[in-house]
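So the structure is just underneath, and the comments pick up after that.
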Amino acid sequence: MKNRFITLFLASLIGLLPVLAQQMPHWQKHGSATQLMVDNRPYLILGGELGNSSASSLQDIDRIFPKLKRTGLNTVLVPAYWDLIEAEEGTFDFSLVDHAITQARANDLRIVFLWFGAWKNSMSCYAPLWFKQDYKKYPRVRTQTGKPLEIASPFSDNVFQADSKAFKAFMRHLSETDGDKHTVIMVQVENEIGMLESARDYSEEANRLFQSAIPEKLADYLVKNKKTLHPWLAGKWQKAGGKTEGNWQEVFGTDLYTDEIFMAWHYATYVERMIQCGREAYNLPMYVNAAMNSRGRKPGEYPSAGPLAHLIDIWHCAAPGIDLLAPDLYDKGFTGWTAQYKLHNNPLFIPEIRLEPNDGVRAFYVFGEHDGIGFSPFSIEDAPDRPSYQLTQSYLKLKELMPLITRYQGQGAMKGLLFDQTEKERTLAWDNTLLICKHFFTLPWDSRATDGSVWPEGGGLVIRMAENEYLIAGSGIVVEFKSKEEAALSTAQAKLGEDGFVLEGEGRQASAVRWKNEKRIGIGSVDEVSVNEDGSLNFIRRYNGDQDHQGRHARIGVDNFQILHVKLYEYR
């Protein structure tokens, strides 16, 4: 009897192993990278965010989700609307949430839910009507002139209790309905928090706290992290005297940006409390997103005090439970914005970016250059519904590449490329090998390169798989390989004609350089490949003729997304 009991007990444990193995979505370090783990495997979000109103009806969800699968997504970012979930105070309706999950499962999609609670793009537009009407119980912020704004006060405990009660009910519902499936892999808390019109709230309670001493927790953080503070915050603090005691203006100075720091502390404190309430019900990864401080605007002209890069230390100190701060990108200067958010203490996720054809190559750049977690154009339901659409082609290749990208993240063996008509070239270096990478239209063989057309962005990623072995993937790029010695001698660039040969008189300077027996790097082979689920490569075709210019470079045209496997050799 005893042995039979032990056998049954062990059998029950074995039966539970598949369930136990499917851990909650969580974070894991991989070298210098942070990876999102879903069902125990590193996961890249090839996403799209729905427009604000596109998940507010069952019919829209039914219509849109099959299209998202055809567009190539593996993840959809879906609003969860407080005003529709709790239209009557204390009564919760999760029918839209459940329908989105059902449709996601039917279309092989994961979900990141966006909690449109107390704030959405600064305003309290998705708070229920019963909340909005009772402005005495749920007060608003005020401008310096005393004007109330349609922005719920983060200083009101009543506001927090109402918001957090609904959020906790939402998270509990996710746990009960999806806790064993993990269709939902992450949650965004609020949306683009920040003050508009004023840099901070001027309500009576806000003014009292502004004149009070800064929190001891913040003072300790400044001292402890003095050497690693964001340069902007460190400079502002030191310029004001580097004090750790006093009110906000005494510690940080008297300007709009001190107002912003103060407000950021209290927004972040509010969000931290929200996260802790939510995690009591269901411990999913959680993040916040930011509207950018762009175009020369000042706090209050942009959403002041949101989770912006220059305020990252304020947000990390007040809200350590936040997993990452994420930028919403609608401005020029893509590479500069992404660099601001890929920090030692902040992995990069782009939950919103303007939907446009260049998104396809930008996704490659984010994963290759910054070990990104995910990429997600906004209003994704408006993407063209055709297989040739650039984002669809891009996501198809990135899905193939996911085993290799996640393997090489954080290992120093992967870089991203992104080129346009201004930024046309970048040189990568590994040991003695230089990769001279350029926009495809630096070659003269496509009429669009020289007829005045606006160049589409070209971009991709490069993985160094071994000393003389590289994987190049993306669209609109060309890569030459040189030893450092050869590159030092080859300073002159010969101009090519449409036939690929040097134009008359344009190659003489380069050919006149005296050669001193330095090693040269040659291309042994360029193969187009596909990638299996285990990361192994499948040969498709050899490109050792016109397609690599007879061994001079590897290239991918602007109208294609491809994966190339390149083997090099050395000769004298």
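List of remarks:
- Simple spin-label estimate for residue 217 and residue 243 gives 2.3 nm between the two label positions (7 Å along the Cα-to-Cβ direction from each Cα).
- Sequence-distant aspartates and glutamates (8 or more away, or on other chains) whose Cα lies within less than 20 Å of residue 224: 216, 245, 250, 313
- Euclidean distance between Cα centres, the range 56-91 to the range 242-314, Å: 29 Å
- With the charge dipole of the chain set up from +1 on Lys and Arg Cβ and -1 on Asp and Glu Cβ about the Cα centre, the Cα lying farthest toward the positive end among the listed residues 416, 145, 350 is that of 416.
- For the range 203-289, the dipole from Cβ point charges (+1 on Lys and Arg, -1 on Asp and Glu) about the Cα centre works out to 420 debye, to the nearest 20.
- Spin-label pair residue 53/residue 181, simplified geometry with 7 Å Cα→Cβ offset, distance in nm: 2.8 nm
- Positive end of the dipole of the chain (Cβ unit charges, origin at the Cα centre): among 437, 321, 551, the Cα lying farthest that way belongs to 551.
- Taking amide H as placed 1.01 Å from N in the peptide plane, residue 34 has no amide H partner under 5 Å among residues 5 or more places away or on another chain.
- Measuring r between the beta carbons of residue 157 and residue 396 and using R0 = 45 Å, the FRET efficiency lands at 0.35.
- In order along the range 29-46, the Karplus-derived 3J(HN,Hα) couplings, from 6.51 cos²θ - 1.76 cosθ + 1.60 at θ = phi - 60°, round to 7, 9, x, 8, 9, 10, 10, 8, 9, 10, 6, 6, 10, x, 10, 9, 7, 9 Hz, and Gly and Pro are given as x.
- Pairs from 217/298; 332/399; 69/424 whose Cα-Cα separation, in the structure shown, is over 30 Å: 69/424
- Extension gain (nm, one decimal) between residue 423 and residue 255, 0.36 nm per residue minus Cα-Cα: 56.8 nm
- Between the entries (i) 41, 28, 22; (ii) 37, 31, 24; (iii) 46, 31, 23, the label attached to semi-axes √(5λ) of the Cα gyration tensor in Å calculated for this structure is (iii).
- Cα centre as origin, Lys/Arg/Asp/Glu Cβ charges: the chain dipole, Debye: 1360 debye
- The modelled label-to-label distance between residue 559 and residue 24, using points 7 Å beyond Cα along the C-beta direction, is 5.0 nm.
- Sorting 315, 337 from the fewest to the most surrounding beta carbons within 10 angstrom yields 337, 315.
- Stretch gain in nm, segment residue 147-residue 165, where the contour uses 0.36 nm per residue and the Cα spacing is subtracted: 3.6 nm
- Listed residues 378, 474, 91: farthest to the positive end of the dipole of the chain (Cβ charges): 474
- At an R0 of 60 angstrom, the distance between the Cβ atoms of residue 69 and residue 450 translates into a FRET efficiency of 0.95.
- At an R0 of 25 angstrom, the distance between the Cβ atoms of residue 280 and residue 41 translates into a FRET efficiency of 0.35.
- Dipole check for the range 286-364: with +1 at the C-beta of Lys and Arg, -1 at the C-beta of Asp and Glu, and the Cα centre as origin, the magnitude is about 240 Debye.
Readers should treat all values here as calculations from the given coordinates under stated rules, not as data from a laboratory. The structure presented is a predicted model; accordingly, all values stated were derived computationally and were not measured. For neighbour counting, all protein chains shown are included, and Cβ atoms are generated from backbone atoms with ideal geometry for every residue, glycine included.
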